[in-house]
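Asks: What follows is a single structure, and I will ask about it in a moment.
Read the figures in this text as sums done on the coordinates, not as results from a lab. For clarity, every value in this text was computed on a predicted model and none was experimentally measured. All Cβ positions, even for glycine, are placed from backbone atoms using ideal geometry, and neighbour counts span all protein chains on display.
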Amino acid sequence: MIKILFFAALRERLECEQYLLSCDGKILNVATVLEQLRNRCNNWQQELSRTDLLCAVNQQLVPLTASVQDGDELAFFPPVTGG
Amino acid sequence: MIKILFFAALRERLECEQYLLSCDGKILNVATVLEQLRNRCNNWQQELSRTDLLCAVNQQLVPLTASVQDGDELAFFPPVTGG
Amino acid sequence: MSIFVAVQSDDFCVASEYNELRQHASCGAVVTFSGLVRELSDNTLHSMTLEHYPGMTEQALIAIAEQAQQRWQLGAVHIIHRVGTLKPHQQIVFVGIASAHRAVAFAACEFIMDYLKNRAPFWKKEHTAQGDYWVEAKASDKQALTRWE
Amino acid sequence: MSIFVAVQSDDFCVASEYNELRQHASCGAVVTFSGLVRELSDNTLHSMTLEHYPGMTEQALIAIAEQAQQRWQLGAVHIIHRVGTLKPHQQIVFVGIASAHRAVAFAACEFIMDYLKNRAPFWKKEHTAQGDYWVEAKASDKQALTRWE
């Protein structure tokens, strides 16, 4: 299982905070996971196609070319606005 | 009269804190005043020939080309080291 | 070199942070930055809510402090960021640096704020008379990073 | 925009200065700099005495604050400089800036320190186990001005 988290405006627009994805023990590419999520519905397609989307694997910022596997925590979120 | 003040290391080396110079109502150049002061003795010659000497007229930093006249306060001091 | 990082809903006290920072041996300079909730220009901001990614925020802040420490010789770095609901004029973020010389303290403090603005997972939502709005990231914050690269 | 300048032998309180600075309307950022008496590397500094040019110091600090105000949109500028005899770890100088945005507050605070180091008539004399020495001006402080020209 990969635990997928969404934050802030993205979480609200997807109406989803956490999503569990089975990966059958395979190592996946973040971009591949994202493509799978986009196919869920039109709204997800649109929201997850934003070019400013940020991604973290196990709480570290990574590019979409990073890989994920069983037990990983994957997160997607909009540009950060703290400080 | 022009009131001339010396500060910090310069004051100690000249053994002088304040010096009154009569200028007979004339407008003088700071460089001219400095030349006069240098001629007082060898020690003053040396101390007042330092190229890093700073100068203020009426409490404003000025170049040695500035002019002074009766009633002005003229000050010479080494590079500042506050902060 | 010591690093202190906190993500908390409680307010922080700049005076206590400063008093700790100035204790650092061979410290000749302390620079502090405090970020406050600003009023909107039309004066209708009731409050804002700061959401974060628990766990990742602390790691991100420590990573930024460590980057600063690798670039410059620092005595101490304190970073505090609040989460939850804040009202206008309340404190949001504190960054404090103790170092031997001032240039390093200024650079490290500004570096940390620039990276925090772009890399630490916090998001602001404004609650105004006209409704609730997520704050948009500013191009100027992204631009600010380029000078450190 | 408000300017507050003080030259005093008494210590100052960073907490009070900060609390005043953060009151400024539309203030989103407060940056403070504090300079402290550093130990010498051989640990023999007993104390230092700060001499100044009474009258000119206050004018010079106000002039520097006004220059900063002309360059950037600032909410408030506080500058405090102590004179007299100070011991290691004691506070020498405080510069605090309140402004809407952080970049401006950092720039103004550093600008003021750079100008103060080169233009304000203060001189430090160190009292050490080996004797009393006037502190020499540093080339790096002069160099720091060039980026603002």
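Asks: Can you work out ³J(HN,Hα) from phi for every residue in the stretch B:58-65, in order, using Karplus 6.51 cos²θ - 1.76 cosθ + 1.60 and θ = phi - 60°, giving whole Hz and x for Gly and Pro?
Replies: 6, 6, 10, 4, 9, x, 5, 7
Asks: Grab the Cα-Cα distance for residue C:142 and residue C:40, subtract it from 0.36 nm times how many residues apart they are, and report the gain in nm with one decimal. Please list the in-between numbers first.
Replies: Values: separation 102, 0.36 × 102 = 36.72 nm, distance 2.17 nm.
Result: 34.6 nm gained on full extension.
Asks: Oh, and also: With a point put 7 Å past each Cα toward its Cβ, work out how far residue C:13 is from residue C:127 in nm, to one decimal.
Replies: 2.7 nm
Asks: Something else now. Please report, in debye to the nearest 20, how large the charge dipole of the stretch C:2-146 is about its Cα centre when each Lys and Arg carries +1 at its beta carbon and each Asp and Glu carries -1 there.
Replies: On the way: 12 positive and 15 negative charges, 65 e Å.
Its charge dipole is roughly 320 debye.
Asks: Taking the Cβ-Cβ separation of residue B:26 and residue B:50 as r and a Förster radius of 35 Å, what is the calculated FRET efficiency to the nearest 0.05? The partial results should precede the final answer.
Replies: On the way: r = 26 Å, r/R0 = 0.75.
So the FRET efficiency works out to roughly 0.85.
Asks: What is the spread of the Cα atoms of chain B along each of their three principal axes, largest first, in whole Å?
Replies: Taking the Cα atoms of chain B, the three principal extents are 35, 31, 20 Å.
Asks: So which GluC sites (Glu not before Pro) in chain A pass both tests, a DSSP loop state and at most 12 other Cβ atoms within 10 Å of the Cβ? Provide the component values of the computation, followed by the final result.
Replies: Values: sites: A:12, A:15, A:17, A:35, A:47, A:73; in loops: A:15, A:17.
Those satisfying the criteria are A:15, A:17.
Asks: Taking the label point 7 Å from Cα in the Cβ direction, how far apart in nm is residue C:3 from each other copy of itself, listed shortest first?
Replies: Output for residue C:3: 4.1 nm, nearest copy listed first.
Asks: Pairwise over distinct Cα atoms, reciprocal of the mean inverse distance: report the Kirkwood radius of the stretch D:1-71 in Å, one decimal place. Could the numbers behind the result be given before it?
Replies: On the way: mean 1/r = 0.0660 Å⁻¹.
Hydrodynamic radius (Kirkwood, Cα pairs) of the stretch D:1-71 is 15.1 Å.
Asks: May I pose another question? Using only C-alpha positions, report the orientation-averaged shadow area of the convex hull of the stretch C:37-119, nm², one decimal. Before the final figure, lay out each step's value.
Replies: Values: hull surface 24.6 nm².
Over all viewing directions, the stretch C:37-119 projects a mean Cα-hull area of 6.2 nm².
Asks: Suppose each label sits 7 Å from its Cα in the direction of the beta carbon; what would the residue B:39-residue D:1 distance come out to in nanometres?
Replies: That separation, rounded to one decimal, is 4.7 nm.
Asks: Let me ask something else about it. Looking for one value pair here: nearest-to-axis residue in chain D (by Cβ) for the rotation onto C, and the distance in whole angstrom.
Replies: Nearest to the symmetry axis by Cβ: D:15, 2.
Asks: May I pose another question? Among D:49, B:65, which comes first, second and so on when ranked by fewest other beta-carbon atoms within 10 Å? Present the calculation step by step, with values, prior to reporting the outcome.
Replies: Numbers: D:49 15, B:65 9.
Fewest-to-most ranking of D:49, B:65: B:65, D:49.
Asks: Now for a separate question. Per DSSP H run of n ≥ 4, the term is -39500 (n - 2.57); total these for the protein assembly as shown, divide by its residue number, and report the mean residue ellipticity at 222 nm rounded to 500 deg cm²/dmol. Provide the component values of the computation, followed by the final result.
Replies: Working: 14 runs with 142 residues, N = 464.
Computed mean residue ellipticity for the protein assembly as shown: -9000 deg cm²/dmol.
Asks: Consider a paramagnetic label point 7 Å from the Cα of residue C:63 along Cα→Cβ; state which residues of the stretch C:121-149 have an amide N under 15 Å from it.
Replies: What the label zone holds, given the 15 Å backbone N cut-off, is C:121-122.
Asks: Greater than 26 Å separation of Cα atoms is the criterion. Which listed pairs, B:26/D:125; C:138/D:142; B:3/B:26; C:87/C:138, meet it? Show your work: numbers first, answer last.
Replies: Working: B:26/D:125 37 Å; C:138/D:142 35 Å; B:3/B:26 14 Å; C:87/C:138 21 Å.
Flagged as over cut-off: B:26/D:125; C:138/D:142.
Asks: Still on this structure, I have one more. For the charge dipole of chain C, defined by +1 on Lys and Arg C-beta atoms and -1 on Asp and Glu C-beta atoms about the Cα centroid, which residue among C:49, C:65, C:12 has the Cα displaced farthest towards the positive pole?
Replies: Looking along the dipole axis, the top candidate is C:65.
Asks: List every residue whose amide H lies under 5 Å from the amide H of residue D:128, counting only residues 5 or more places away in sequence or on a different chain, with H placed 1.01 Å from N in the peptide plane.
Replies: Amide H neighbours of residue D:128: D:46, D:133.
Asks: Skipping prolines and chain starts, which residues have an amide H placed within reach, meaning under 5 Å, of the one on residue D:28, given they are 5 or more residues away or on another chain?
Replies: Under 5 Å from the amide H of residue D:28 lie the amide H atoms of D:99, D:100, D:101, each far enough along the sequence or on another chain.
Asks: Let me ask something else. Relative to the Cα centre, what is the charge dipole magnitude of the protein assembly as shown, using +1 at the beta carbon of each Lys and Arg, -1 at the beta carbon of each Asp and Glu, and rounding to the nearest 20 debye?
Replies: Working: 40 positive and 52 negative charges, 110 e Å.
Roughly 520 debye for the protein assembly as shown.
Asks: Something else now. Taking Rh as the Kirkwood radius, which is the inverse of the mean 1/r over Cα pairs, what is the Rg/Rh value for the protein assembly as shown? Display every interim value, and only then the final one.
Replies: Values: Rg = 27.9 Å, Rh = 25.1 Å.
Rounded to two decimals, Rg over Rh is 1.11.
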